[in-house]
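The values are calculated or read from the model by the stated rules, or taken from the named source; none is laboratory data. This one's a predicted model, so the numbers in the text were calculated from it and none came from an experiment. Here Cβ is always computed from backbone atoms with ideal geometry, including for glycine, and neighbour counts include all displayed protein chains.
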Amino acid sequence: MPGWVPHGALHYLAHTETGAPIRALARQAGCHASTIMRQIRRIETRRDDPLVDAALRKLGAVRVAWIVLLAPQQERQR
């Protein structure tokens with residue numbers, strides 16, 4: 001993902017696109033689950049803006065494509 005994508009958006013995409021549990025995201029980020037939940041809610045609220053919605057859809061597609069294409073390659077390397 002590009003470096004300019006806010007952490008809240010990354011957490012939102014990880015939770016909604018890949019089904020990552022909020023507690024797992026909080027553990028990875030080193031914060032409380034309520035912090036991640038607030039970030040996710042903030043992004044959900046901003047999806048009413050068509051520009052934000054389009055950007056999140058594109059970022060979500062990139063994230064899913066990365067998981068589908070690169071994860072099997074990483075597994076083969078192990």
Taking the stretch 26-49 as the region of interest, how many residues are over 18 Å from GLY60 (Cβ atoms) and under 13 Å from the mean Cα position of the chain (by Cα)?
4
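Name the helices (runs of 4 or more DSSP H) wholly within the chain that hold at least 1 residues that are at pLDDT 85 or above and basic (Lys, Arg)?
By residue number, 22-29, 33-46, 50-77.
Of the residues that sit in the stretch 2-54 and are charged (D, E, K, R) and in contact with a Gly (Cβ under 7 Å, 6 or more places away or on another chain), which one is surrounded by the fewest Cβ atoms within 10 Å (Cβ to Cβ)?
ARG42
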